[in-house]
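Just below is one structure, and these are the notes that go with it.
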Amino acid sequence: MEVIVASNYDKMSEIGATIMAASLQTRARPVLGLATGSTPIGTYQALRRMYKKGLVDFSQTRTFNLDEYVGLSPEDPQSYYAFMYDQFFTHINISPSNIHLPPGQMEEDDQACLAYENMIDQAGGIDLQLLGLGGNGHIAFNEPADHFTAKTHLVTLDERTIADNARFFDDPSQVPRQAITMGIGSIMKARHILMLVSGQNKQEALYQMIKGPIRPQLPASILQVHPRVTVVTDQEAASQLFSADG
Ligand code: F6R
């Protein structure tokens, strides 16, 4: 696992965007796995700037997002579908037919989850998977549990995730309690994983992910066995990692 410590959030975002732009060159029709949340916003903005300058082209890019809330329609401003269009897709030359998000309106539809998984495989797998890190150590919405779940599935969100994500809603009671998420196996199949980590509230999870044992209670720890992971963190999040007793 390669760990790059950037001096601040903006630098982390620039490095993240550069790595993503480079991955677009690796295949004629590249496949990106994408994340939502606060952490990648600066990276999406940096990619938008690169696109405006003519440095990147998304016309052949296909994307698969990690997760979507259950019960929110794509038109709902709180859906991850809306987030991705607002933050990224509307501003670049990607074709809507190349954009995929998990089927958040399908509730407990195993077939729809399987179809999502199959679509990724049919696209040739993910070249670069962008990840954030949950304060509880989750990746996508694979929450701390007593086992790893391999494939795209329905999940009940952890209390900490609901509390962490309440900042995006007018009222905490509006945060959906369930989501459809790619599984740990879906993520681990990506050829390259790029994780962005920012802020003091991620210190402990980042430390455990890299230095702790591999265990489903800290889902991100599984990345220790992936052959190609690049973690780009800001100094705040990395401080425990490099402290005297870390
Ligand atoms: C989002 C996702 C989540 C977030 C994580 C960190 O699609 O899959 O795992 O990456 O919760 O969220 P932020 O970046 O808001 O701290």
Exercise. Report the net charge of residues surrounding Phe64, where surrounding means a beta-carbon distance below 12 angstrom and charges are Lys +1, Arg +1, Asp -1, Glu -1.
Key: -3
Quiz prompt | Packing rank of 91-103, 152-164, where each peptide gets the mean count of other beta carbons within 10 Å, highest leading | solution = 152-164, 91-103
Quiz item: In square nanometres, what is the average projected area of the Cα convex hull of the stretch 71-121?
Solution: 3.9
Quiz item: In terms of Cα to Cα distance under 14 Å, which aspartates and glutamates are near enough to Lys211, apart from those fewer than 8 places away along the same chain?
Solution: Glu2, Asp245
Exercise. Rounding to the nearest 20 debye, state how big the charge dipole of the stretch 128-203 is about its Cα centre with +1 on each Lys and Arg Cβ and -1 on each Asp and Glu Cβ.
Key: 400
Quiz item: Excluding Thr36 itself, what net charge comes from residues whose Cβ is under 15 Å from its Cβ, given Lys and Arg +1 and Asp and Glu -1?
Solution: -4
Practice problem: Could you rank the peptides 39-45, 81-87 by their average count of other C-beta atoms within 10 Å per residue, with the highest value first? | Solution: 39-45, 81-87
Practice problem: Quick one: grab the alpha carbon gyration tensor of the stretch 107-168, order the square roots of its eigenvalues as a ≥ b ≥ c, and give me rounded if a/c is under 1.5, else prolate or oblate depending on whether a/b is larger than b/c. | Solution: prolate
Quiz prompt | Net +/- balance of residues flanking His138 in space, Cβ distance below 11 Å, scoring K and R +1, D and E -1 | solution = -3
Quiz item: Taking the Cα centre of the stretch 2-67 as the origin, how large is its charge dipole in debye, to the nearest 20, when only Lys and Arg (+1) and Asp and Glu (-1) carry charge on their Cβ atoms?
Solution: 300
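Just to be sure I understand: if I project the alpha-carbon convex hull of the stretch 3-45 onto a plane and average over all orientations, what area do I get in nm²?
3.4
Per DSSP H run of at least 4 residues, take -39500 (n - 2.57); add these up for the chain, divide by its residues and hand me the 222 nm value, nearest 500 deg cm²/dmol.
So the calculated ellipticity at 222 nm is -8500 deg cm²/dmol.
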Quiz item: Out of Ala150, Ile210, Val229, whose Cα points farthest toward the positive end of the dipole of the chain (charges: +1 Lys, Arg; -1 Asp, Glu; placed on Cβ)?
Solution: Val229
Quiz prompt | log10 of Debye I(q)/I(0), alpha-carbon scatterers only, for the chain at 0.08 Å⁻¹ | solution = -0.27
Self-check item: Phi to ³J(HN,Hα) by Karplus 6.51 cos²θ - 1.76 cosθ + 1.60 over the stretch 9-23, Hz, x for Gly, Pro
Solution: 4, 5, 5, 4, 5, 4, 5, x, 5, 5, 5, 5, 4, 5, 5
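For the stretch 131-246, what mean projected area does the convex hull of the alpha carbons give, in nm²?
Numbers: hull surface 29.2 nm².
Its average projected convex-hull area is 7.3 nm².
Taken together, the values in this text are just the output of simple stated rules run on the coordinates, not laboratory data. Since the structure is predicted, the reported quantities are computational estimates derived from the model, not experimental observations. Here Cβ is always computed from backbone atoms with ideal geometry, including for glycine, and neighbour counts include all displayed protein chains.
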